[in-house]
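Remarks on the structure that follows.
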Ligand code: B12
Ligand code: SF4
Ligand code: SF4
């Protein structure tokens, strides 16, 4: 029996690249890929290689394919399964896209420029993914794009996406998780944003990388650079990270609104017209500061070919080093010598990779 579907959002993918009433010939899609024809033929079997080549032609920097069967079998946290199955039982393959964040964004005096760059990168990635999903649908394979940043309130009160795209990246062979649990790639280290197309096409999946990319406790530069001291041994203290990583996110907005509501009447107008309201308005307008703020663990990671050529000259020295962080890292490195990776490593081992990984 076919599994029941409550609702698949019909707006997720629209059909047809051009209007279809015979009178209006304007293309409905004005984004990426309009000028180059889709390589997929209706009803024909689609090869994984052609999907990846098309994604790159459309502008994806990196692309890999994960099998929905494997993703369903290995959710990152089994208590809160972030699986394709929970989105749609018809998904067979997850095409995972990584879009690199230009290195110039990590060479600035403050992290404000990277916030805007992140939004541009996300927008571009959405267009690439949307176009790919649309072309797959036209070839007869219903497909949809996952939200790259939104989270689901019902999953740990909005700290979880419907899928964890870092874990998709590992399963699709794009990289491995680092000490700070970000996806590191050989090309750009952690300086990528991730997105995915879920498709009913059965595509040959990529293999995860054979070796871990992160040197872990022997490196620890992300830990030393973190201003919130949120990075531990293969673990992240999200409560410490979030206010810096999302400076104008939901918590900021709610705290401000609460202050306004509770303030004496004569102070309310001033609060309404305050810098806090302005920052919230600006971040809602552009997304800047909502999803991305601090990137110190990203700036200093030596993994990725971009680091040596474009970042090392400005990121080599870590101003946030403290004797306490150095002591803690040295202790982790000493424990690791004895094969002890700390209490958190085991649950992420599959995605960190290496001999104990799989
Ligand atoms: C919510 C969120 C946050 C939250 C929480 C982060 C987190 N680690 O979950 C906060 C606000 C803190 C955050 C911060 C940042 N984020 Co963020 N974030 C997300 C988002 C939207 C969802 C993350 C998610 O679903 N996590 C859930 C789970 C799987 O992760 P986890 O809790 O770490 O669980 C793992 C382990 O901890 C463990 N585990 C945990 N609990 C349990 C319990 C049991 C029983 C078991 C067995 C295992 C287990 O198992 C898991 C396997 O490894 C994703 C987009 C997406 N949909 O994936 C972006 C995303 C992860 N963020 C991203 C970025 C860039 C950032 C920041 C750099 C912010 C910025 N300035 O841009 C920082 C980096 C912080 C860091 N070191 O990771 C990128 C990462 C790109 C990359 N190269 O990896 C993503 C993928 C967004 C994107 N579209 O590209 N983020
Ligand atoms: S994003 Fe900033 S606060 Fe969060 S873990 Fe990385 S360095 Fe720390
Ligand atoms: S900075 Fe070092 S320890 Fe941190 S993720 Fe990158 S390679 Fe791993």
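Read the figures in this text as sums done on the coordinates, not as results from a lab. Remember, it's a predicted structure, so these values are computed and weren't measured experimentally. Neighbour counts run over all protein chains shown; Cβ positions are idealised from the backbone, glycine included.
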If r is the Cβ-Cβ distance from residue 218 to residue 269 and R0 is 51 Å, what FRET efficiency results, to the nearest 0.05? 0.35
Treat the count of other C-beta atoms within 10 Å as a stand-in for reagent exposure and order 159, 200 from fewest to most. 159, 200
Most mobile of 186, 208, 78 in a GNM of the chain (Cα contacts under 10 Å): 78
Report the full-extension gain for the segment residue 38 to residue 258: residue separation times 0.36 nm, less the Cα-Cα distance, to one decimal in nm. 74.2 nm
What is the fewest-to-most order of 281, 234 by other Cβ atoms lying within 10 Å of their Cβ? 281, 234
Just the Cα atoms of the range 119-188, one point each, no solvent: what log10 I(q)/I(0) does Debye give at q = 0.15 Å⁻¹? -0.66
Protection-proxy order for peptides 248-258, 82-92, each taking the mean of Cβ atoms within 10 Å per residue, highest first: 82-92, 248-258
Can you tell me which of 267, 326, 308 moves the most in a GNM of the chain? Springs connect C-alpha atoms under 10 Å apart. 267
Direction-averaged shadow area of the convex hull around the Cα atoms of the range 48-199, nm²? 9.3
With label points set 7 Å from each Cα along the Cα-to-Cβ direction at residue 316 and residue 237, the distance between them in nm comes to 3.2
Based on alpha-carbon centroids, what's the gap between the range 314-358 and the range 34-80 in Å, whole number please? 33
Picking from 108, 294, 226, which is most flexible by a Gaussian network model of the chain using Cα springs under 10 Å? 108
Please report the antiparallel percentage of DSSP beta bridges with both residues in the range 48-199, rounded to the nearest 5. 100
Given 10 °C, 1.306 mPa s and a Kirkwood radius over Cα pairs, the Stokes-Einstein diffusion coefficient of the chain in µm²/s is 72
Give the Debye-formula value of log10 I(q)/I(0) at each listed q (0.11, 0.22, 0.24 Å⁻¹), with one equal scatterer per alpha carbon of the range 258-341, two decimals each. -0.64, -1.08, -1.13
With the crude spin-label approximation of a point 7 Å out along Cα→Cβ, what separation in nm comes out for residue 112 versus residue 309? 3.1
Scattering curve values for the range 247-286, log₁₀ I(q)/I(0), Debye with Cα scatterers, q = 0.25, 0.31 Å⁻¹: -0.79, -1.05
